[in-house]
1. Hand me the GluC sites (Glu not before Pro) from region 47-91 located in a DSSP loop with no more than 13 other Cβ atoms within 10 Å, in residue order please.
2. Can you give the Kirkwood hydrodynamic radius of region 1-132 from its Cα pairs, in Å with one decimal?
3. So which cysteines in the chain don't have a second cysteine's C-beta under 4.7 Å from them?
4. Equivalent-ellipsoid semi-axes (√(5λ), Cα gyration tensor) for region 117-234, whole Å, largest first?
5. Can you list which of the trypsin sites (Lys or Arg not before Pro) found in region 281-322 are DSSP loop residues with at most 14 other C-beta atoms within 10 Å?
6. Percentage of Cα-Cα pair distances in region 23-92 greater than 14 Å, rounded to whole percent?
7. Gap in Å between the Cα centre of region 1-45 and the Cα centre of region 272-320?
8. Distance from the Cα centre of region 60-121 to that of region 175-220, in angstrom?
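Just so you know, all these numbers are worked out from the coordinates, no wet-lab data involved. Note that the coordinates shown come from a computational prediction; the quantities given were computed from them, not determined experimentally. Backbone-built Cβ (ideal geometry, glycine too); neighbour counts: all protein chains shown.
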Amino acid sequence: MNEISYLRVSVTDKCNLKCFYCRPDNSEFVPHEEILRYEEIARLVRAMTRYGLRKVRITGGEPLVRPQLEELVRMLKEIPQINDVSLTTNAITLAKHAEKLREAGLDRLNISIDSLKPDLFFQITKGRLEDVLEGIRVSKKLGFDPIKVNAVIVKGLNEDEALDFVEFGAEYGVEVRFIEMMPIGGEQINWSEEKVKPLDEIKRKIEEEYGKLIPAISIGSGAARVYKIEKLGSKIGFITPISNPFCDGCSKLRLTAEGHIKLCLRTDEELDAKPVIRYGSDEELDSFIRKVLIEKEISNQKIVKSGYAFSDCRRIMTSIGG
Ligand code: SAM
C-alpha cells in the first residue's frame, strides 16, 4: 500500500447510547487529556494528504457529544486536498447540531438506526427513535444529500424489518445499508455466528418483493455493495464483513480518539500516533506515516492469508470509531 484513500477519525469514545453490540455496560473512557485536540487531528490529516488522503469521516463513540464539532469540520475543510468530510452519528442530537455542521462545510451524513420500531429501538440502544427521525428530517431540509442509514441486522432481533427499512429509505429519501454484526470487542459483546444474518438472504427477500436489484454506485460507498430498486427509485446497500469480506486492497485507516492508528478492524494492531503528532517535527510525522503505510500493507497480507479471520480485536467498537 502506498496511498491512504480514507481516514476515519474518532473524536471521542463516549456515547449517549448503549447499543449492546457496540458498548458493553462496563466500558471505561479515555481520560480527557489523552484525547487528541482538533488541531492535532487536523495536523495529522494535513500530513496524510501527502500520501493521497482525500476523504475523512468523523465518528466516535458519538461524535456529537464532543463540544464544537463544527470547529473540526471547518479545520478539515480548510485543507485544500480534502474534498469529502462526512460524519457518522446516531443522530440523537443531530436536529440541534445539523445547521452548524452544514455551515462549517460538512459534506455528508451517515446515520445509524437498527430498528424502526420505537420499543425495539429503545431495547437495542436505550434511546428514542423519534429524536433520530427528527435529525434526519432537519438534515434533509438543510440539503444534506445523500444521507445514508446504517442498520446492523441481528438474527432473531430485527431481521424481519428488512422490507420496512426499504420502504423507509424510499419515503425519507435516504440510502439504507444493511450491516452484518461483527465480533468487535471480543467476548465483551457476546458475539456468536448464530447472531449473524447473512445479507444475501435479505437481498433475496427484497428481490422477491420489488424485483431484481440493479447494481449501482453511490458517493463514498466504500465497503458497501449498492443497488438500485427500480420500482421505488431508491438505493440500498449491503456491508458483509462476515459472509463476504472485502479486505483485499483495503487502504482505509482509523484514528482512535486517543491518537492510535488502527490498521484494521479484524485485529488489535495499532500504532500510537499521539507522541509524534503532539511533539514531533514535520519530518518525524512524515516518517511515521510511511511506517503506517508499510504496516498496513503487512497487516492486509496477513488477513487475506488467514482467510479473513477476525483474530483478536478486543477493543470495543465505541472506542475504535466504527
Ligand atoms: N455513534 C455513531 C453511530 O452510531 O453511528 C458512530 C460510531 S458507531 C461505533 C458506528 C457504526 O458502527 C454504527 O453504525 C454501529 O451500528 C456500528 N457498529 C458498532 N458495533 C458493531 C458491530 N459489532 N458490528 C457491526 N457494526 C457495528
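1. Details: sites: Glu70, Glu71, Glu78; in loops: Glu78.
Those satisfying the criteria are Glu78.
2. Numbers: mean 1/r = 0.0636 Å⁻¹.
Hydrodynamic radius (Kirkwood, Cα only) of region 1-132 equals 15.7 Å.
3. Cys15, Cys247, Cys250, Cys264, Cys313
4. Working: eigenvalues 107, 78, 40 Å².
Semi-axes (√(5λ), whole Å): 23, 20, 14.
5. Details: sites: Arg290, Lys291, Lys296, Lys302, Lys305, Arg314, Arg315; in loops: Arg314, Arg315.
Within region 281-322, the qualifying trypsin sites (Lys or Arg not before Pro) (loop, at most 14 other Cβ atoms within 10 Å) are Arg314.
6. Numbers: 1535 of 2415 pairs.
Taking all Cα-Cα pairs of region 23-92, the fraction more than 14 Å apart is 64 percent.
7. Result: 14 Å between the Cα centres.
8. Here the two parts' Cα centres lie 23 Å apart.
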